[in-house]
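Asker: Sharing a structure, written as structure tokens. Questions coming.
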Amino acid sequence: MQIESLKVFCDLAETESFTRAAKINNITQSAVSQQISSLEKHFKSLLIERSKKKFRLTREGQVLYESSKQIMQTYEILENRLQEMRDVVSGTIRVATIYSIGLHDLPPYLKKFLKTHPTVNAHVEYRRSNQVYDDVLGNGVDLGLVAYPSKDARLEIVALRKDMLVLICHPSHPMARAKSVSLSALTGQKFIGFEPDIPTRKAIDMILKERNIEVQHVMEFDNIETVKRAVEIDAGISIVPQGTITQEVSKQTLAEVLITDAEFYRPLAAIYKKNKILSPAMKQFINILKGN
């Protein structure tokens with residue numbers, strides 16, 4: 001029996017999915033099944049109830065999971081301490097990020113980190129906000145990058161910075177010629193928004209509701225790039241993070257319009273599972289994200 005098998009078992013117990021456990025450990029689903037069977041033979045116990053309806057550990061499986069989790073945490077602490085003693089930063093960090101952060105905020109920080117620590121392998125996945133939380137809680141990734149972080153007793157939240165929200169429209173739109181408008185000017189306008197469950201959409205809706213402003217939602221998308229493309233064809237106006245439109249404004253495919261009577265900021269944060277043992281690579285990466 002190897003410690004890798006205990007890790008696979010822990011990942012399977014936490015994700016309740018052979019597919020996700022295989023992905024986390026970069027092995028096949030068949031290999032996951034083989035390692036679980038090997039553990040069952042070693043301990044002479046059935047660890048998982050084989051039911052197609054629902055994944056469930058047996059009593060023996062639950063005992064093995066709790067003990068294995070302690071063993072894995074001890075092993076990770078040992079491994080990290082030895083790396084720190086040798087002043088080594090290596091290994092793999094797995095990051096899940098919402099599209100806007102991953103495409104526009106993350107690249108310079110990631111470039112700086114990998115230049116400083118070339119032996120680290122960084123794996124980045126672009127996900128919807130709710131999926132980022134699921135991936136972090138399910139140990140599918142080490143770190144999540146989100147906007148408007150939700151408080152959760154199971155998570156540690158590291159505040160990063162705030163991104164200004166701005167109004168955008170097509171360069172030929174009347175608002176573009178005005179250069180600046182009051183928020184009330186949005187009343188009745190065709191509006192390109194994010195889908196209702198996305199945190200930035202919820203924040204924008206709250207801002208408009210507080211000012212008693214009603215817009216005409218004509219399109220809704222789950223990522224910033226599609227929102228921008230819709231505004232570029234003059235399907236409507238939108239409110240988006242300022243850092244995501246630099247290229248389009250410089251190429252004059254979008255116009256940024258100042259809102260004269262308000263400023264709104266979108267908080268960004270890194271999240272990771274509480275009690276997670278942070279590797280030297282993760283500690284360094286979080287420091288760089290914080291601007292240290």
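Asker: Tell me, how many Å apart are the Cα centres for region 102-163 and for region 1-55?
Answerer: Result: 27 Å between the Cα centres.
Asker: Same structure, new question: Can you tell me how much longer the chain between SER33 and ILE277 gets when fully stretched, taken as 0.36 nm per residue apart minus their C-alpha distance, in nm with one decimal? Display every interim value, and only then the final one.
Answerer: Values: separation 244, 0.36 × 244 = 87.84 nm, distance 2.66 nm.
Full extension of this stretch gives 85.2 nm more.
Asker: Turning to a different aspect of this structure: More than 16 angstrom separation, counting every C-alpha pair in region 3-85; what % is that?
Answerer: Values: 1760 of 3403 pairs.
So the pairs more than 16 Å apart make up 52 percent of the total in region 3-85.
Asker: Continuing with this model, one more query. Of the trypsin sites (Lys or Arg not before Pro) in region 219-274, which ones lie in a loop per DSSP and count no more than 13 other C-beta atoms within 10 Å?
Answerer: Details: sites: LYS228, ARG229, LYS251, LYS273, LYS274; in loops: LYS251, LYS274.
Sites meeting the loop and neighbour criteria: LYS251, LYS274.
Asker: Report, in deg cm²/dmol and to the nearest 500, the calculated mean residue ellipticity at 222 nm for the chain, where each DSSP H run with n ≥ 4 adds -39500 (n - 2.57) and the sum is divided by the residue count. Don't jump to the answer; show the numbers that get you there.
Answerer: Values: 11 runs with 123 residues, N = 292.
When only DSSP H runs of four or more count, the value is -13000 deg cm²/dmol.
Asker: Taking a ≥ b ≥ c as the square roots of the Cα gyration tensor eigenvalues, with a/c under 1.5 meaning rounded and otherwise prolate when a/b beats b/c, else oblate, which class fits region 164-266?
Answerer: On the way: a/c = 1.38, a/b = 1.13, b/c = 1.21.
It is rounded, given that a/c, with a ≥ b ≥ c, falls under 1.5.
Asker: Considering every Cα-Cα pair within the chain, what fraction, in whole percent, is farther apart than 32 Å?
Answerer: Working: 16977 of 42486 pairs.
The share of Cα pairs beyond 32 Å in the chain comes to 40 percent.
Asker: Moving on to the next point. Find the relative contact order for region 3-85 and round it to a whole percent, using C-alpha pairs within less than 8 Å whose residues are 6+ positions apart. Please list the in-between numbers first.
Answerer: Values: 63 pairs, mean separation 23.1, N = 83.
It comes to 28 percent, rounded to a whole number.
Asker: Also, quick follow-up: Rg and Dmax in Å for region 37-179, alpha carbons only: what are they?
Answerer: Just the Cα atoms of region 37-179 yield Rg and Dmax of 21.9, 76 Å.
Asker: Now for a different question. Using a Förster distance of 25 Å, how high is the FRET efficiency between LYS111 and GLU225, based on the Cβ-Cβ distance and rounded to 0.05? If you can, show how the numbers build up before the last one.
Answerer: Values: r = 20 Å, r/R0 = 0.81.
Working from the Cβ atoms, E equals 0.75.
Asker: For region 120-203, state the semi-axes of the equivalent ellipsoid (square roots of 5 times the eigenvalues of the alpha-carbon gyration tensor), sorted largest first and rounded to whole angstrom. The partial results should precede the final answer.
Answerer: Details: eigenvalues 239, 41, 32 Å².
Its equivalent ellipsoid spans semi-axes of 35, 14, 13 Å.
Asker: Can you figure out the FRET efficiency of SER150 with HIS123, using R₀ = 30 Å and their beta-carbon distance, to the nearest 0.05? Write out the running numbers ahead of the final one.
Answerer: Numbers: r = 24 Å, r/R0 = 0.79.
It comes out at approximately 0.80.
Asker: Between GLN247 and LYS209, what is the label-point separation in nm under the 7 Å Cα-to-beta-carbon projection?
Answerer: About 3.4 nm, to one decimal.
Asker: Mind checking which lysines have their Cα closer than 21 Å to the Cα of LYS273? Skip sequence neighbours fewer than 8 apart in that chain.
Answerer: LYS7, LYS23, LYS69, LYS151, LYS283, LYS290
Asker: Sort 100-110, 255-265 for me by packing, meaning the mean count of neighbouring Cβ atoms within 10 Å per residue, highest on top. Please list the in-between numbers first.
Answerer: Numbers: 100-110: 19.0, 255-265: 14.7.
The packing order, highest mean first, is 100-110, 255-265.
Read-outs throughout are calculated quantities, based only on the coordinates presented, and are distinct from any laboratory measurement. These numbers come from a predicted model, not from an experiment. Glycine also receives a Cβ, built like all others from the backbone with ideal geometry; neighbour counts cover every protein chain displayed.
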